[in-house]
Structures are given as structure tokens and as C-alpha cells.
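Notes follow the structure.
The values are calculated or read from the model by the stated rules, or taken from the named source; none is laboratory data. As the structure is a computational prediction, the values presented were derived from the model and not from experiment. Positions of Cβ are backbone-derived with ideal geometry, glycine not excepted, and every protein chain shown enters the neighbour counts.
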Amino acid sequence: MFKEIINNVKEKVSLVHNITNYVTVNDVANSLIAYGAAPIMADDPKEVEDITALCQGTNINIGTLNERTITSMVLAGQKANALKQPVLLDPVGIGASNLRTETAMTLIKKINFDVIRGNMSEMKAIALGTGGARGVDADAADAISQQNLSAVVELAVSLSERIGSVVAISGAIDVVAHGHQVAIVRNGSPLMAQITGSGCMLSALITATLAANPEKPFRATVTAFCVMGVAGEMAEARMTETDGNASYRNYLIDGIYNLNAAVLERRSNCEIREA
Amino acid sequence: MFKEIINNVKEKVSLVHNITNYVTVNDVANSLIAYGAAPIMADDPKEVEDITALCQGTNINIGTLNERTITSMVLAGQKANALKQPVLLDPVGIGASNLRTETAMTLIKKINFDVIRGNMSEMKAIALGTGGARGVDADAADAISQQNLSAVVELAVSLSERIGSVVAISGAIDVVAHGHQVAIVRNGSPLMAQITGSGCMLSALITATLAANPEKPFRATVTAFCVMGVAGEMAEARMTETDGNASYRNYLIDGIYNLNAAVLERRSNCEIREA
Amino acid sequence: MFKEIINNVKEKVSLVHNITNYVTVNDVANSLIAYGAAPIMADDPKEVEDITALCQGTNINIGTLNERTITSMVLAGQKANALKQPVLLDPVGIGASNLRTETAMTLIKKINFDVIRGNMSEMKAIALGTGGARGVDADAADAISQQNLSAVVELAVSLSERIGSVVAISGAIDVVAHGHQVAIVRNGSPLMAQITGSGCMLSALITATLAANPEKPFRATVTAFCVMGVAGEMAEARMTETDGNASYRNYLIDGIYNLNAAVLERRSNCEIREA
């Protein structure tokens, strides 16, 4: 299922516009290059529409947002909509402050997102339109497991139906929903939660996959989850006794770099069902 | 002496708010995770009080400051004070510009810092309330050695008594003072000065240690210095002939990741005395 | 030819002021330290003149520019001019937006740059004073090869004569021109295009070399290109099967760290001619 989608990513070398936080921005750029896409970062209101117009996809991430960049997010997202170009929202830390919650809800109102990607705490905050998150990580109570999987699927499906976007929830088990179409991805490594930026990189990879496969938002999103998960496993396999999370970060991006459709086909653990 | 303090860090997984520079912010985030804490970065005046209220400690670093973030630093620091939550100041490059000197002095006036951590040049600038630093690194003339150690201790003690904070001066030999209580830490590696961010990471680790041990600001600070120093030694031991400072940076964060109370107890070289 | 220039870099430990993008800023800082220089980053209008006055060189990079930092770029560049201190322009992504094109052209009008460094697409945009670039990378059509080399040299020479700066164009083959003096550098690795920041780091290294050799802008620039190219080759030689672009980034900075004048003399592939 992945071959054509991945091949499109590698062949088209899509330019992806990222309005993103300054914490993980370098990893976002290098992971996009590793994947076969080309990153550009811009966040001033005076240029973001030009930049989005030049690109094939736009990735909006609200980590380290400020008044100036919020304006830019709205402008870039609306430009992407006007150009019928894929645009993704990563509502980092929604619920951690009123500013983040209001910004995410405003963006969802003003922009038609192809995909919204977050952890379970963030997605619950979107579903409720209000706070509750502990920070940028999912609450322990929001860990996705076999036990609460059906509830997570239900949330994803109902949110997707309400908003119209692909809803992508990452965790120990990942859940992607587009209306009643659902994917459960069981790839990845617990070490991915031991670095900053796994989620930001995943959102960027989804945007790149969408940019190269704009007609297939659900399949593209699921593919990016499998890429990230398998790369996370490849990275874990390289860990030595003295390695820690800094080495893991490098191995993870290296994994994305070395992944191809054949490896992905063999190693991905992805179940697609109708909810 | 470290066991309980380190165990508290690992068990509590404190959320640490960092208003910090965009140069080393990613290393700050990954080193906090390596240590067992959880980072969040926010710098807009409209959200920093919410974020600090959600956290257990706040780390204010004036590198790459600007007018907007200076406002945020004041708001976050005062919120931390109001909540009786630990707050640290890292006066990066104080003395390099009037803006940095004035900002650091204003922050010290408006906020009760639990800890102020800098190199010898930065701490002298604070003591004098005026410039003189060469940049973000300590002047060569300000290197801490056995020869000038008693003068450094004297500065640390008098500054701590005047301001009321733990005063933590990092260098080839580290000096921490809380009133007349003084610690001399002789861990670390000269390679730590060959990367950007050693100081920023240390400040973040101190904040995380304080967040998990708010009743013991002196012990917590000393523990974080030992953690950083021992991790620096572990990193140096991994260096191969072709490695340089980029690899060292990864090994340093990996070292923090792999450090536990037992290793720290065995390897730390820390002397505590009354000045 | 390199020995004296490199020795000056290592001995003087010049302080370099970088007003640069937040995507690659950490790599810029670590590569400057690897090279033997000392980085400082500041971008607020209220402090950039102080910081430039403290430094021996200023590196202006327009990636992730905004209204506030554009003001800072002008102030810092003019201060550098007033102090007769080397200043470099890296017109990242000029042509990708009107804001970038106008900013770069305004900076060139208001500041006398010692060196302007970009890829072929960026340099064509400067020559034309108008857009056309695909993003932050050179267009495929602008790849520098043996076939179009004479046209690239011609552009570099005519742009250098018009503006008065050293014009430095990086690509598979690098071209540096100062008036009719031209250097062709054939070092480097295709992997350098597989990470973000190769260009930003190169611009920083040029600035550091100029800072330590202000009387020799052409030789200093050529030396920095050879340093970056040879470090890129050393990094490629370290790559294993599981390594990807994240490891390459580390190896590249490590390479700069381990390079000395003797290695450079032996491995550099640089031809100097009159155009």
C-alpha cells in the first residue's frame, strides 16, 4: 500500500512550509530532508503567503507561538486553502495556556485543515474546545493502550466527522481517522517519547506525504505514521549501552533517511478498518 | 548525599518552564528529558503566567532576549514567586550589551531568584551591576583555578548574602554558595567549553532539581553541578580520534541520560565547607 | 597558502556576531567553536550595535527574518561598517518572497558587505534584484557544473565588480570572485546538500576567517570554502550503512573541529585564476 505514496514523496521533492516552534525546528528540517522533501521556514506576516504559494504543503505548529506568528499562521493557512494546497495543524500544548487553546480553536475555525495531528491530551482538548493538558506531552491518564483503544477510535472518528479533517492521534498505539475510515498503527519505540520533537517531526512528514499525494489524505497520513514508527524501531535497534536520547534523536532521523518503500512494506504494522 | 535528591527528580518528572535563547533550546529540552524532567518552552506575555502556573520550576535565560521576551521573563518570574515555585536566572552574556545588563539587574530587582547561575565574568558583572564581559563565555582572565579560588568563593558568598539567592559560578572549578554554605565541585571536562549550551543545560538541570526538591536549594544546585560534571567526564571518555564537539554534545546529553544516583555517588568530586 | 590564515583563526579566537535564522543557529554556533572562533547571537535592535562593537566580525543571515530582526540587521551592519569590521551577507531564500528580496537589496544598499555568500539561485536573484528562487535551496537548473562554470564565474565577477564585495557562490563546484580574482573550489560532498545548515555554517566560517584576517577578504573566503569542503569529505568518509543525514551533520562539525592547516594544505582542491 505504501509504495506509490512513498515513491511520490521521493520523486516530487515537495517544498514544505513550516511555521513551527524554535525548539525542534532543526530536527523538523533535517527529518524532512531525510524523507526526501525540502523544508522552508518563515513566520513573518509579510512573507508567509508568498512562501506558502511557493510550496506544496504547509505545516502549522503552535509550539512557542506569539502574537506575530499567530497572525502568520492564519495568513498561511488561508493561503493554502485558497490554493487548495494541503495544510496540517499540530496543536502543541493546547490546553497548557488559554492562548494556545484559543489559537488552536481559532485556526480550526478559520482554516480547513487536511490533517490535525496531536497526542491524546491535545486531541481531547480540541474535542472539548478547552484546556486540561499537562504540558506538551500527553497526560499519563491519556496513554493509548489496548484497553482504551476503542474509546480513542471513537474520539478520532467523531472529531474527524465534526471538523472534516483527518484526525491523527499519536501514542504507544497510533490512531488515524478520516470519517469512518480508521487506521491503527502499532509501530514505534518508547524511546520516541524520550526526545523532544518526535511529534513535530511526524507532523512535518505527514505534511510532506500529503504534499506529494494530495488526493489521498488518509493513506498519506497513515504512511507517514508507519515511516516514523519504523524509523523509531530502526533507531532503537542501534542503541548501545552508553547511548542516550541525544544519540537516539540522530538515529531516528538517520532511520527516516534510510527507509524505503520495501523496508516499510515489510516492517509496518498497520490495520485499516471501518469504524 | 545525592540519592534522595536524584530520586526525587526521577520520580516526580517535574515540568520545567524555560524562557530561553533559540541557540541552545533544543539541547536544553533534550537534557531535561535525559535527566528525567519534562520541558516546556513558552515566551509570549499572553501565556507565560499560565505556563509557569502549570510547572514546578521556571528557568529564565537571557540569551537572545528581546523586548517581548523580557516582558515575559518578568511576568513568569513574578508568577513563580507568587506561587512559591523555584525560579532560576541565567544571565547569559550580561555585560555584553547595556540591554543585557539592565535586563538582568531589573529581573534581580523584580524577582526573588532561588538560584543565579553564570560564569565568573557574568557573576562579576552582576556583582558590579555593570558590563565588562567579552561575550557569552568567561574572559580568560576570569578562569577559575586553585590560585583564585578563594576570591571566587568570596564573591559567591558576598553576592549570595546580598541577593539572598544561591549563587552558582561555573568554570573549570565550580563554586556554589548559599550564604556561608559553600560547595566546590571539581568534576567536568574542558570539552564542555567546546560546545554551545553547557551552561544553558546546567541551568535547566538545576531548575529541574529544585523543582523536585524545593526545600533544598543549595543541595539541589550542587547535585545538578555534579550531574553535569560527571556526565561531561563520561562524554569525554567516549571520544574517538575522529570525534569533535558535535559528537561531544551528543555524548554529554547521553551521559545525563545514563547517570543514576549510584554512579553520581561514586564519581562526584564535591567539597562542602563553611566560608 | 592556508597556513597563516588558519593559524590566525586559531590564535585570535575571534568573537563573531550572528544575526541568523533559528533553524540552523545551533549548528552555526557549534561550527564556529569547532573552527576556533567564538559565537554570539543577538537580534534585538536595542543591543545589536553593542554586540557588534564587542565582536571582530558580523554575519547577517536573512533566514526566518522578521520586521524586528531586519531593523537589527541594518543597525549591526552599519555599525560594523563604521568600525571597519568585516561583515557578511547570507541572502537565504532571496527570491522566495518579496520580503526577502527587498530586505537583501536594502541591506546591500545600506551596508558595504565584505562578502556575500549564497547558492547560484540566490546570487542570480541578487544580480537581477528580483525573485525566481525555488526556496532556500538552489534550483536544479542552477546546479554548478563543468558545463556552466564559465557562466557562473562571469556572474560572480560582474556582481563583485558592481557591488564591490567578494562574491562567493557555493554548489557542487564553488566559485569565489573578488573583482577579477577568481577561485574555483572542488572540495565537498553531495551529502552537504542533505542537511539543513551547510550554507549557514559556511557563511559563519567565512566571517570568522575574515575576522581573524581582515586584510585578506578573498584569501580568507577561499580558505573557509576549502575548510568546509574538506570537512564535508572527512564527514562522508565516516558514514556507515545505518548512518543518515543526522549523523552526517555531526560528522561535518566534527570534521571542522579536527581540521588543521596541514590537512587542509594536503586535501584542498582549489584553483586560483584571473578572470
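If I filter segment A:109-143 down to residues being surrounded by fewer than 20 Cβ atoms within 10 Å (Cβ to Cβ) and modelled with pLDDT of 95 or more, which single residue comes out as farthest from A:Lys79 (Cα to Cα)?
It comes out as A:Lys109.
Within segment A:172-187, can one find any residue that is closer than 20 Å to A:Gly95 by Cα and in contact with a strand residue (DSSP E or B) (Cβ under 7 Å, 6 or more places away or on another chain)?
Taking every residue of segment A:172-187 in turn, none turns out to be closer than 20 Å to A:Gly95 by Cα and in contact with a strand residue (DSSP E or B) (Cβ under 7 Å, 6 or more places away or on another chain).
Could you check how many residues of segment C:198-234 are closer than 21 Å to C:Leu15 by Cβ, within 12 Å of the chain's Cα centre (by Cα) and either assigned to a loop (DSSP other than H, G, I, E, B) or within 14 Å of chain A (Cβ to nearest Cβ) (or both)?
Adding up the residues that qualify gives 2.
I need the full set of residues from segment B:149-165 which are under 17 Å from B:Ala125 (Cα atoms) and out of contact with any Gly (no Cβ under 9 Å at 6 or more places or on another chain), in order please.
B:Ala151, B:Val153, B:Glu154, B:Leu155, B:Ala156, B:Ser158, B:Leu159, B:Arg162, B:Ile163, B:Ser165
Somewhere in segment C:161-174, is a residue within 14 Å of chain A (Cβ to nearest Cβ), under 26 Å from C:Thr24 (Cβ atoms) and charged (D, E, K, R)?
No, segment C:161-174 has no match at all.
Has segment B:259-271 got at least one residue that is of a type in the set (S, T, N, Q), within 10 Å of another protein chain (Cβ to nearest Cβ), in contact (Cβ under 8 Å) with a residue 24 or more places away in the chain and within 25 Å of B:Val87 (Cα to Cα)?
Among the residues of segment B:259-271, not one is of a type in the set (S, T, N, Q), within 10 Å of another protein chain (Cβ to nearest Cβ), in contact (Cβ under 8 Å) with a residue 24 or more places away in the chain and within 25 Å of B:Val87 (Cα to Cα), which makes the answer no.
Working carefully through the options A:Ala211, A:Ala224, A:Ala220, A:Ala275, find the one that is farther than 19 Å from A:Gly57 by Cβ and among the hydrophobic types (A, V, I, L, M, F, W, C).
Of A:Ala211, A:Ala224, A:Ala220, A:Ala275, the one residue that is farther than 19 Å from A:Gly57 by Cβ and among the hydrophobic types (A, V, I, L, M, F, W, C) is A:Ala275.
It is to be established whether one or more residues within segment C:17-31 are in contact (Cβ under 8 Å) with a residue 24 or more places away in the chain, of a type outside the set (Gly, Ala, Ser), surrounded by fewer than 24 Cβ atoms within 10 Å (Cβ to Cβ) and at the interface with chain B (Cβ under 9 Å from one of its Cβ atoms).
No: zero hits.
Within segment A:166-182, take every residue that is touching a residue at least 40 places away in the same chain (Cβ under 8 Å) and more than 15 Å from the chain's Cα centre (by Cα) and give me the one that is surrounded by the most Cβ atoms within 10 Å (Cβ to Cβ). Break it down into steps so the answer makes sense when it comes.
If we filter segment A:166-182 for residues that are touching a residue at least 40 places away in the same chain (Cβ under 8 Å), which is where we start, we get A:166-171, A:174, A:176-178, A:180-182.
Next cut, more than 15 Å from the chain's Cα centre (by Cα) only: A:180-182.
Working: A:His180: 11, A:Gln181: 17, A:Val182: 23.
Across segment A:166-182, the extreme among qualifying residues is A:Val182.
Could you count how many residues in segment C:175-197 are in a loop (DSSP other than H, G, I, E, B) and either closer than 16 Å to C:Ala38 by Cα or not polar (S, T, N, Q) (or both)? Break it down stepwise before answering.
Step one: list which residues in segment C:175-197 are in a loop (DSSP other than H, G, I, E, B), which gives C:179-180, C:186-189, C:195-197.
Retained after the next criterion (residues that are either closer than 16 Å to C:Ala38 by Cα or not polar (S, T, N, Q) (or both)): C:179-180, C:186, C:188, C:195, C:197.
Within segment C:175-197, residues that are in a loop (DSSP other than H, G, I, E, B) and either closer than 16 Å to C:Ala38 by Cα or not polar (S, T, N, Q) (or both) number 6.
Are any of the residues in segment B:94-101 closer than 27 Å to B:Gly232 by Cα, within 12 Å of chain C (Cβ to nearest Cβ) and without any contact (Cβ under 8 Å) to a residue 40 or more places away in the chain?
Yes, segment B:94-101 contains a residue that is closer than 27 Å to B:Gly232 by Cα, within 12 Å of chain C (Cβ to nearest Cβ) and without any contact (Cβ under 8 Å) to a residue 40 or more places away in the chain.
Would you mind finding the one in B:Asn258, B:Asn269 that is surrounded by fewer than 23 Cβ atoms within 10 Å (Cβ to Cβ), touching a strand residue (DSSP E or B) at 6+ places or on another chain (Cβ under 8 Å), under 17 Å from B:Gly188 (Cα atoms) and modelled with pLDDT of 95 or more?
Matching residue, one of B:Asn258, B:Asn269: B:Asn269.
Among the numbered criteria (1) closer than 24 Å to A:Ile195 by Cα; (2) touching a strand residue (DSSP E or B) at 6+ places or on another chain (Cβ under 9 Å), which one does A:Val87 miss?
For A:Val87, the exception is condition (1).
Kindly indicate whether C:Gln85 is of a type outside the set (Asp, Glu), touching a Pro at 6+ places or on another chain (Cβ under 8 Å) and under 25 Å from B:Asn21 (Cα atoms).
No: the conditions fail for C:Gln85.
Let me confirm something: among C:Ser203, C:Ser198, which residue is under 20 Å from C:Val28 (Cα atoms), touching an Asp or Glu at 6+ places or on another chain (Cβ under 6 Å) and not hydrophobic (A, V, I, L, M, F, W, C)?
After ruling out the rest, the residue left standing is C:Ser203.
Between a residue in segment B:213-232 that is under 18 Å from B:Asp114 (Cα atoms) and any residue that is of a type in the set (Gly, Ala, Ser), which pairs come within a Cβ distance under 6 Å, given they are 6 or more apart or on different chains?
B:Asn213/B:Ala220; B:Thr221/B:Ala168; B:Val222/B:Ala183
Hey, can you tell me all the residues within segment C:224-255 that are closer than 16 Å to C:Leu202 by Cα, surrounded by 22 or more Cβ atoms within 10 Å (Cβ to Cβ) and not hydrophobic (A, V, I, L, M, F, W, C)?
C:Gly229, C:Gly232, C:Tyr248, C:Arg249, C:Asn250, C:Tyr251, C:Asp254, C:Gly255, listed by residue number.
Which is in contact with a Pro (Cβ under 6 Å, 6 or more places away or on another chain) and within 28 Å of C:Gly63 (Cβ to Cβ), of B:Ser72, B:Ser31, B:Ser97? Before the answer, list the steps.
On the way: B:Ser31 fails: in contact with a Pro (Cβ under 6 Å, 6 or more places away or on another chain); B:Ser97 fails: in contact with a Pro (Cβ under 6 Å, 6 or more places away or on another chain).
Of the residues listed, the single one that is in contact with a Pro (Cβ under 6 Å, 6 or more places away or on another chain) and within 28 Å of C:Gly63 (Cβ to Cβ) is B:Ser72.
Please go through segment C:1-28 and pick out each residue that is out of contact with any Phe, Trp or Tyr (no Cβ under 7 Å at 6 or more places or on another chain) and either under 19 Å from A:Asn21 (Cα atoms) or among the aromatic types (Phe, Trp, Tyr) (or both).
Selection gives C:Phe2, C:Ile19, C:Thr20, C:Asn21, C:Val23, C:Thr24, C:Asn26, C:Asp27, C:Val28.
Would you mind finding the one in C:Gly244, C:Gly188 that is without any contact (Cβ under 8 Å) to a residue 60 or more places away in the chain, at positive phi and either away from chain B (no Cβ under 14 Å) or of a type in the set (D, E, K, R) (or both)?
The conditions single out C:Gly188.
Hey, does segment A:233-243 have a residue that's of a type in the set (Asp, Glu) and over 30 Å from B:Met234 (Cα atoms)?
We begin by selecting, within segment A:233-243, every residue of a type in the set (Asp, Glu); these are A:233, A:236, A:241, A:243.
Next cut, over 30 Å from B:Met234 (Cα atoms) only: none.
No, the conditions are met nowhere in segment A:233-243.
Hey, B:Val157 hits all of (1) surrounded by fewer than 22 Cβ atoms within 10 Å (Cβ to Cβ); (2) out of contact with any His (no Cβ under 8 Å at 6 or more places or on another chain) but one; which does it fall short on?
For B:Val157, the failing item is (2).
Just give me the residues in segment A:40-79 being away from chain B (no Cβ under 14 Å), touching a residue at least 60 places away in the same chain (Cβ under 8 Å) and crowded, with 24+ Cβ neighbours inside 10 Å, in sequence order.
Passing the criteria: A:Cys55, A:Gly57, A:Thr58, A:Asn59.
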